[in-house]
Each structure stands twice: as structure tokens, then as C-alpha cells.
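Engineer: My questions will all concern the structure given below.
Nothing in this text is a laboratory measurement; each read-out follows from the coordinates by a stated rule. Since we're looking at a predicted model, the values are computed, not measured. FYI the Cβ positions are ideal-geometry reconstructions off the backbone, even for glycines, and counts take in every protein chain you see.
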Ligand SMILES: O=P(O)(O)OC[C@H]1O[C@H](O[C@H]2O[C@H](CO)[C@@H](O)[C@H](O)[C@H]2O)[C@H](O)[C@@H](O)[C@@H]1O
């Protein structure tokens, strides 16, 4: 599969580069930075949504899927960007938010005005006979999942923010609209599509209460009909393009379902995003909590998914960061003495693994969470709701704030740090979200004398060069050694052993004879070479290549 050799860069347009000084990143800003993106040798860019939106959820509340939001530019800007990226050898992946629309979308507005055709696009339900909400479901952003549908006395379903109304995919007209939107962008030369929370589109027609002790999400996540909808969507849109690359964001999914969504013979998706490894610092499974991550749980998830997707013929996206997650360096690495080493180790740990690696903007220069000191610095609706909920649950302001600092989505949404000036070279105006540590971490310094960017360049090149990286099997290694995340990749007679030290202490690793004289493919420690018993310095990574034919 061609996409096995690709590396995808995730770009959050609002925070990448502001060309007009309004404090918000834009498409012309991205055009100005194409040389930077080209230098990294990435194959495709996933853009977070830049469609017309009231921005209550930063663009995940789409009001018009076929227009560029004027905050970001015009369709002419998009076309110029697409053409210039193509010339640079970079494809585009667009973010399709098709589980819900903004309540400002014309479909919802027509539904509100009484148009029956469009009312059937959404889940609009009467209250229960006792006057309570149609079901007891919780919104993922806090509070009930139902809001009053105008003054009709009915309610509409919103699994996310109140102004994100869930579409009813049972309705064939909704599914046709979805395919038509994708085809609109395909006609503009787009080959890549990321589908937001795709595995929750299969809600039942009859919505019922979740029984006590059962989370409502289990009623609508990964239902069997999701696969039918994806197959149909593929057949009517992206599946007609042999060069398409698609990824489904799968909320709380399973390995079994992920294999089904991505097995080539099922004609559904190229790959899935799953999030289990990013929940290993959730206390009792609760996001809005604070806890150091559980290394054993993390390693177990990485191994189980790596090995079982391999055995089942499935494919996954490999990532540590995205626009919803705090920066991985703050969670799994070290933001002090070992920032550079741990950034490189985390990169190697996923780029040499089985799946398609994603780089979230700023990761390639080792960006970390901002240092904010007050709730006034945070803008995300989820963080604001969570802060209030934490106070309501009895946390002190200090405790609640510490949790927001650790978990807020704003952590990864701060502007790209281009230089060490007041606004990090992102804007000449007032940035919509404040950068804080651009003096220490910025592109200019990184390109001048850093090593993380170059390390990423090398990893990207290796994936293209070595089939054992793009297509080899995945076998866990060294699970008895604490803080070691290691795996072997095998393709024919070529073996690759990847060792990663997830700690600030040295660890020793006995090497199997096969690797004791192997070639060092990449490492972040200049003098590290294989020996019968290897000592891995703090946050070291090393990949050893051995071929029976002596490669
Ligand atoms: O944590 P999970 O239940 O496994 O879900 C994964 C992510 O889903 C949501 O993210 C996406 O949809 C949201 C609504 O459109 C949007 O706000 C977000 O930016 C999208 O990426 C959820 O908001 C994330 O927190 C989860 O990580």
C-alpha cells in the first residue's frame, strides 16, 4: 500500500502562521511557509477544519462544508495553496466533520423554520411522557446531550457542544449529502480525508436510556451499521480514487472494529485513529484528573494494538500529539534536561513502528505545553466547562486549575513558535492564544543549531527507504525490562530492533545474538553501538538493522 510509506503532518490553521496581523493563522500564512513544510519531506498535510463556522468548537462546528471561512481566507487562497503544495510534492487531507453540523448550518436553520425534509436530517425527539429529556445521555463536553429545538417543545441531540447538532445517518439524504461534500473537494484535487468521530454516526433509530452504571457512549459507539455507512460512503466518493488516503477518528474503539474498518478487502478506510494510549494518565479512566502516566499500561496498549492489527491485517495512525491533546513531551517525555532526547525518542518510537506516522505541528521542534497561570488564558469550550464541573464536584480552584493545566486542549493549540520575539513570529497582531516559551523553543533556533527537526527528516527518509519499516511485521520485545518500549519488525530476511528508553535513568538491555553486530540505522546517542548487553542512556532510542543476506 502506497500510504504505508507516507508521513502525514497535522496543521492547525488557526495557529500556524498569520499573514494579515489579525491574530489568527490563515491560508496565505501557510502558503508563505511551504518551504519549511517541504524541508521536512512530509507527504501529506491534514488540515484541521477551515470551513465556514461560528467557531464555538474551533471549526468542528461547520456551517458550510463548501466554503472557506473568511477568517482563514478565500477559495482562491485554497486553490493557490493546493497548487503550490502539489508542486512541493505534498498532498492535502481535509477534515470532514460529518457526525454533526453547526446549528448555524442552513440544514439546521431550515429544520428550525419547520422544514420537515431537514428536520429528518437530525435527531429531533419529544420529551419523555414525564417531561424529562428524551434520553439520559451525557454530552461529551459536559451536561445533557439534548437541547431545546427552538420553541417546539422537542429536543435535538448533540453528543458534543450544544451548537453541534448530530446528523441522523439513517436518512439516505444525509448520506448522499456527505458523499457530495467529499466529491466537491475531490474535484478540487483533494485525495486525503480525515473523518471526525466517525464511529459514532451509527446511532439507533429508537434512542433509549443507558441503564444505570452503563456509559451512554456504549449505546452508539462502533455499532455494526457504522461499517455499512463507511462502505457506502467509500463506494460513492473517496473509494473511487485509487490514491485516496482516509483516516477515521474512532472514539473509544476496539481492536476488532479497527481491523474491520481498515482491512483492505473491506473497502472502508486506510487507517484509524484510536486513543487508548493517550488515556494512560487518566485517573480511573477520567480525563479531567491528574496523574503521571502508567508506563506499563502505555506499553501494553502499544504492543497489543501493534501486534493484533498486524495479525488481523488492520492499519492505524501512529501519533502522540494532536489538537485535542496536551503535548506529549509534557506527558511521556521530559520538558527539562532531556527535552531534546525525549522528543527524538518519542518520534522514533512511533515512526519506526507499524502504521502511518502523524506529526502534529511544532512536534518537530520539540514544542511543549504553555505556562499559563489563570483560567483567563484558556479559550477552549471543553476546558471552561470542565473547570466549572470540577468546582461543582468539590475541587478547590487550585486543584481544578492544576487539572486544566495538565489536560486542556489549548495546550497543543498555541501558535507555532517561529522565532523568539514577543508573539513567536506568528503574528504582528495579538495572537488568539498566547505563546509562552518561544525564547527557548522556536523554528529559527531549531534550524540553526537544533537536532530534533533533522532527526524527524531522517526518520521520514528511512520509512521510504526500508520496507521493513513501512511493511514489516510487529513483534513486542523486552517486556520484562522496566521503562523499555521495544519491538522487532521483520520483512523477509530483514530484521529491525527498535529500543526506546522511556525514563531519565539508564537501562540495560541484553541483545539477542542476531542484533549484537547489527547496523545502527538511527539513534539519538552519538556513541551508541550494539553490544551483548546494551546500556541505553536516559531517553535513548536506537534502531538496529540486520539482514540474513548481510544488508
Ligand atoms: O476520547 P475519545 O472518546 O476516544 O474520542 C476521541 C476524540 O473525540 C473528540 O474529538 C473530535 O471531535 C470533536 C467534536 O467535533 C472536536 O471538538 C475535536 O476537536 C475532534 O478532534 C473529542 O473532542 C476529543 O477530546 C477526543 O480525544
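Engineer: Quick check on the chain: helices-only [θ] at 222 nm, where DSSP H runs of length 4 and up contribute -39,500 (n - 2.57) each and the sum goes over total residues. Nearest 500, please.
Structural biologist: The helix contribution divided over the chain gives -8500 deg cm²/dmol.
Engineer: Now, a different point. When 344, 286 are ordered from fewest to most other Cβ atoms inside 10 Å of their Cβ, what list results?
Structural biologist: 286, 344
Engineer: Measure nothing fancy, just the Cα-based angle from helix 339-351's long axis to the longest principal axis of the chain, in degrees from 0 to 90, nearest 10.
Structural biologist: So the helix axis and the longest Cα principal axis differ by about 80 degrees.
Engineer: Turning to a different aspect of this structure: Can you tell me the orientation of helix 381-392 relative to the chain, as the angle in degrees between its alpha-carbon axis and the longest Cα principal axis, to the nearest 10?
Structural biologist: Its long axis makes an angle of about 80 degrees.
Engineer: Just grab the label-to-label distance for residue 385 and residue 465, each label 7 Å out from Cα along the Cβ direction, in nm (one decimal).
Structural biologist: 4.7 nm
Engineer: Could I ask something else about it? Could you state the angle between the C-alpha long axis of helix 452-465 and the longest principal axis of the C-alpha atoms of the chain, as a value from 0 to 90 degrees rounded to the nearest 10?
Structural biologist: The two axes meet at around 90 degrees.
Engineer: Can you give the extra length, in nm with one decimal, that the chain gains between residue 22 and residue 235 once fully stretched, where that is 0.36 nm per residue apart less the Cα-Cα distance?
Structural biologist: Between residue 22 and residue 235, full extension yields an extra 72.5 nm.
Engineer: Continuing with this model, one more query. Roughly what % of Cα-Cα distances in the chain sit above 45 Å, to the whole percent?
Structural biologist: For the chain, the fraction of Cα-Cα distances above 45 Å is 13 percent.
Engineer: Continuing with the same structure: Tell me, what is the FRET efficiency for residue 490 and residue 304 to the nearest 0.05, using R0 = 22 angstrom and their Cβ-Cβ distance as r?
Structural biologist: About 0.75, to the nearest 0.05.
Engineer: With a point put 7 Å past each Cα toward its Cβ, work out how far residue 517 is from residue 209 in nm, to one decimal.
Structural biologist: Calculated label separation equals 7.2 nm.
Engineer: Taking the beta-carbon count within 10 Å as an exposure proxy, list 463, 299 from fewest neighbours to most.
Structural biologist: 463, 299
Engineer: In what order do 216, 270, 547, 258 fall by count of nearby beta-carbon atoms within 10 Å, going from fewest to most?
Structural biologist: 547, 216, 270, 258
Engineer: Could you check the simple spin-label distance between residue 449 and residue 84, using points 7 Å along Cα→Cβ, in nm with one decimal?
Structural biologist: Calculated label separation equals 3.1 nm.
Engineer: State whether segment 195-337 is rounded, prolate or oblate according to the following rule on the C-alpha gyration tensor (a ≥ b ≥ c being the square roots of its eigenvalues): a/c under 1.5 gives rounded; otherwise a/b larger than b/c gives prolate, and the remaining case gives oblate.
Structural biologist: Judged from the Cα gyration tensor, segment 195-337 comes out oblate (a/c at least 1.5, b/c at or above a/b).
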